1. Pull out all pairs, ordered by first then second residue, where Cβ-Cβ is under 9 Å, the residues are six or more apart or on different chains, the first lies in segment 22-34 and is more than 18 Å from TYR59 (Cβ to Cβ), and the second is within 9 Å of the ligand (Cβ to nearest atom) and basic (Lys, Arg).
2. Can you pull out every residue in segment 119-163 that is in contact (Cβ under 8 Å) with a residue 60 or more places away in the chain and not basic (Lys, Arg)?
3. Would segment 1-12 turn up any residue that is at pLDDT below 95, more than 16 Å from the ligand (Cβ to nearest atom), within 17 Å of the chain's Cα centre (by Cα) and exposed (fewer than 15 other Cβ atoms within 10 Å of the Cβ)?
4. For segment 135-170, give me each residue that is of a type in the set (Ser, Thr, Tyr), farther than 15 Å from ILE196 by Cβ and either buried (at least 16 other Cβ atoms within 10 Å of the Cβ) or touching a Lys or Arg at 6+ places or on another chain (Cβ under 9 Å) (or both).
5. Report yes if GLY45 is away from the ligand (no atom under 16 Å from the Cβ), in a loop (DSSP other than H, G, I, E, B) and out of contact with any Cys (no Cβ under 9 Å at 6 or more places or on another chain), otherwise no.
6. Evaluate segment 181-199: report whether one residue or more is of a type in the set (A, V, I, L, M, F, W, C) and free of Cβ contacts under 8 Å to residues at least 40 places away in the same chain.
7. Which one is surrounded by the most Cβ atoms within 10 Å (Cβ to Cβ), of the residues in segment 73-107 that are within 11 Å of the chain's Cα centre (by Cα) and under 20 Å from GLU192 (Cβ atoms)?
Amino acid sequence: MKLLHRLLELLFPRKCVLCQILLPSEQTDLCRDCRSVVPEWNRGGRILPGIESYAAVWYYEDQVRDSLLRFKFSGKRYYARAYGRLLAMAIHRELPEADLITWVPVSGIRRHFRGYDQSRLLAREAGRELMMKPLPLLKKTRHNQAQSGISDPSLRRENVRGKYRAIHPEQLRGKRIILVDDILTTGATACECARILRAAGAKQVYLAVMAAGKDRNTNRK
Ligand SMILES: [Zn+2]
């Protein structure tokens, strides 16, 4: 097993998910510099209707944004392992105990072209650390324009409204649910998903993201 591990290290050297330098064997996920320099998310005071509270790993800026773009658009799906470990720590630190973990799904067409659903991978990897198996509780029923292409908050709310529905409502009734997504900016998507989950009977919805925008006027999702 040790040999296999060494061989995998040689074939697939581990790199820092933020700055991409090769990691020494004793370091995982992030290099020492990024750990000390990149600001960790520190409690947001945003009110997100329908969401009890939320947790993030980082702020959505600079190398964090570049890293998440590589994860979403440049095929770096294996970042999910490192991201998931970091996300699990943020959930453990910031959110109360929950019963279920789920994710904000992408539409079928987007998953087809990307080849994966990034938030599902995050929920799976974070869930592995937290010993919670993610359950699919939402389905995106209609493809819409990417939120990143819309700047007006009310248009963003409009763009996601009615695009999701709850699946397996019998599994979420009365439950406290952690909803995983990659990025939080205006919160339009997360709030719409929380609305659907609560309408289907969820008791409380918490949100966990890799990165949150610092204020309402930047990097909207
Ligand atoms: Zn680094």
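The values are calculated or read from the model by the stated rules, or taken from the named source; none is laboratory data. Keep in mind that this is a model prediction, so the values were computed, not measured. Every residue, glycine among them, receives a Cβ derived from its backbone with ideal geometry; neighbour counts consider all protein chains shown.
1. LEU22/LYS15; LEU23/LYS15; PRO24/ARG32; GLN27/ARG35; CYS31/LYS15
2. Result: SER119, LEU122, ALA126, LEU137, GLN147, SER148, ILE150, SER151, PRO153.
3. No, that holds for no residue.
4. SER148, SER151 - these are the residues of segment 135-170 that are of a type in the set (Ser, Thr, Tyr), farther than 15 Å from ILE196 by Cβ and either buried (at least 16 other Cβ atoms within 10 Å of the Cβ) or touching a Lys or Arg at 6+ places or on another chain (Cβ under 9 Å) (or both).
5. yes
6. Taking every residue of segment 181-199 in turn, at least one turns out to be of a type in the set (A, V, I, L, M, F, W, C) and free of Cβ contacts under 8 Å to residues at least 40 places away in the same chain.
7. Here the residue is THR102.
Yes/no matrix, rows are residues, columns are (1) in a loop (DSSP other than H, G, I, E, B); (2) within 14 Å of the ligand (Cβ to nearest atom):
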| residue | (1), (2) |
| --- | --- |
| VAL17 | yes, yes |
| GLN20 | yes, yes |
| SER25 | yes, no |
| ALA55 | no, no |
| LEU69 | no, no |
| MET89 | no, no |
| ARG93 | no, no |
